[in-house]
Amino acid sequence: MAAGGGNDGKSDDFQPFPVKDQLPGVDFCVCTSPSWPESILHGFQHYLLMLGTTVIVSSTIVPLMGGGNTEKAEVINTLLFVSGLNTLLQTFFGTRLPVVIGGSYVFIIPTVSIALSSRYSFLTDPNERFKESMRDVQGALIVASFFTMTIGFFGFWRVFARIFSPLAAVPLVILTGLGLYSHGFPQLARCIEVRLPALIAVIFFSQYIPHLIKSNRAIFDRFAILFSIVVIWVYAEILTAAGAYDNSVSKAQFSCRTDRSGLTSAASWIRVPYPLQWGRPSFHAGDAVSVIAASFVAIIESTGTFIAASRYASATPIPPSVHSRGVGWLGVAILLNGLFGTGTGSTASVENAGLLGLTRVGSRRVVQISALFMLFLSVFGKFGAILASIPLPIVAALYCVLFAYVASAGLGLLQFCNVNSFRTKFILGFSLFIGLSISQYFNEYLLVSGHGPVHTQSTWFNNVMQTIFSSPATVAIMVAFFLDCTHSYWHDSVRLDNGSHWWEKFRSFNADTRTENFYSLPANLNRFFPSF
């Protein structure tokens, strides 16, 4: 039945929006860049954003290992330095997408388990305890890196990506963003007088001012993060200097004050991180298995981030060989984490992928410039420490917006699927619900009981279960992929309903002329490392 009631003149008004394999409205795609001054500012903005995760992860694990402010500053600078190297390697030789490769929350569970191990109970010197536990973490990361490189460079992830459909990708990308919700408003609420203004500021600068102030140049929306950080940091400094928190409880003192990080005084003026700086790594089978599980989760969550970044960089869907190549270089990143001693592994940064959507600048060059900031400011520790002492309340407010952008990239993949199919509705709804529900159960159980619901005599097995099932994206993709490959798969309509036919022309690297433009290796290296 015609929806327009015979009004032929306006029949186009009722047509659905066409499917776009490249996101329209992006100002700069992977291969294009703003002017050099603007690119440098964008790169600095990406650098400031990834500092939040770097500081949070290091501040969580270093005290548990026995380290103080000096060790924390050194680990932060080391993680920044390695993140710069890994970002350059990924953007030059990996997926070639504008993704930042930084520290990961995923590795916190096995790292904390190692740090709290009873094997260090005889050590009375905190510094010696820190070095011993760091060496154990290094050994586990080195072993796990070979697992990740094998999955990537030997093509196992390419096999998975070849039968990966847009329908299965939807819950993966959505929960790659939404799964980090605990780092958003729950953290924001700990210092509402700083974090809520920060959230309002970033929304106001990015979404409202550009429409209120007509200009030929996009300034406020592209640099909303910079404006918000500066304004709210000054505001938080005023509150601290005015004594607003002098008589507050200790939690408010830590969450709201701007002078509690201890990083600036502890950091060295110049210090170049180097491999094996904490000593020779030590290896334990149980630790390695736990970190391998974290590496598996990092692969999955990075895959979701790669897909989101490809959309916001206006690139075509990622070929399976490029997915596998990116995972292989993620393994190299984890190897460098182990050799340098960062205390955690690497993953593709979700918040930086969200920044691509906020700014509509998906330039590869911008992210490479941000990597140079990481390298430079990690060596000159005092300068980096000043920027790393940005109040974490501001970071949590930014996360609320940027994680949401990644989740919305997953929603955008629904255009490839038949959303009127009941099979599609079941797989999508069930995988999203189970992904959130199971991970929430595992996380709440750990918070209340001090251990996960899987509590056997084998610590490594407990850590494996806790790491995998506390990741919403990992649970969701396992459920969605299984259902998509088994539920009514013999029906002819399945390939149309799950969107596989839309991605078919991108399964092979050379099937679409645009693919080579976005994903080819530099200096004609495809001759030696061909993509299939």
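Throughout, read-outs are computed from the coordinates displayed, never taken from laboratory work. Quick caveat, the model's predicted, so the values are computed rather than measured. For neighbour counting, all protein chains shown are included, and Cβ atoms are generated from backbone atoms with ideal geometry for every residue, glycine included.
Quick note on the chain: its Rg to Rh ratio, both from C-alpha atoms and Rh being the Kirkwood radius, is 0.97. Measuring nothing but alpha carbons in segment 483-532 and taking Rh as the Kirkwood radius, the Rg to Rh ratio lands at 1.18. The length gained by stretching the chain between LEU116 and PHE383 to full extension, at 0.36 nm per residue less their Cα-Cα distance, is 92.9 nm.
Karplus-based coupling profile of segment 444-450, in residue order and whole Hz: 5, 4, 5, 5, 7, 9, x, with θ = phi - 60° in 6.51 cos²θ - 1.76 cosθ + 1.60 and x standing for Gly or Pro. Taking 7 Å steps out from each Cα toward its Cβ at PHE461 and HIS284 produces label points 1.8 nm apart. For GLY179, nonlocal amide neighbours, meaning residues 5 or more places apart or on other chains whose placed amide H falls under 5 Å from its own, do not occur. Potential lengthening of the chain between THR60 and GLU237 amounts to 61.3 nm, from the contour at 0.36 nm per residue minus the alpha-carbon distance.
For LEU446 and PHE482, a Förster radius of 25 Å and the Cβ-Cβ distance give a FRET efficiency of 0.50, rounded to the nearest 0.05. Between the beta carbons of TYR208 and SER35, assuming R0 = 30 Å, the FRET efficiency works out to 0.70 to the nearest 0.05. Using just its DSSP H runs of length 4 or more, each adding -39500 (n - 2.57), the chain gives a mean residue ellipticity at 222 nm of -20000 deg cm²/dmol after division by all residues. Set the Förster radius R0 to 22 Å, insert the Cβ-Cβ distance between PHE14 and LEU496 as r into 1/(1 + (r/R0)^6), and round the FRET efficiency to 0.05. Once rounded, the FRET efficiency stands at 0.50. Of the chymotrypsin sites (Phe, Trp or Tyr not before Pro) in segment 94-182, the ones in a loop by DSSP (not H, G, I, E or B) with at most 15 other beta carbons within 10 Å are PHE122, PHE154. Each of ASN352, PHE92, ALA293 was scored by the projection of its Cα onto the charge dipole of the chain, and the greatest displacement toward the positive side belongs to PHE92; charges sit on the C-beta of Lys, Arg, Asp and Glu. Each label was represented as a point 7 Å from its Cα along the Cα-to-Cβ direction; for GLU516 and GLU128 these points are 6.2 nm apart.
Given +1 at the Cβ of Lys and Arg, -1 at the Cβ of Asp and Glu and no other charges, the dipole of the chain around its Cα centre is 600 debye to the nearest 20. The amide H of ALA348, built 1.01 Å from its N in the peptide plane, has SER302 as neighbours under 5 Å, considering only residues 5 or more places off or on other chains.
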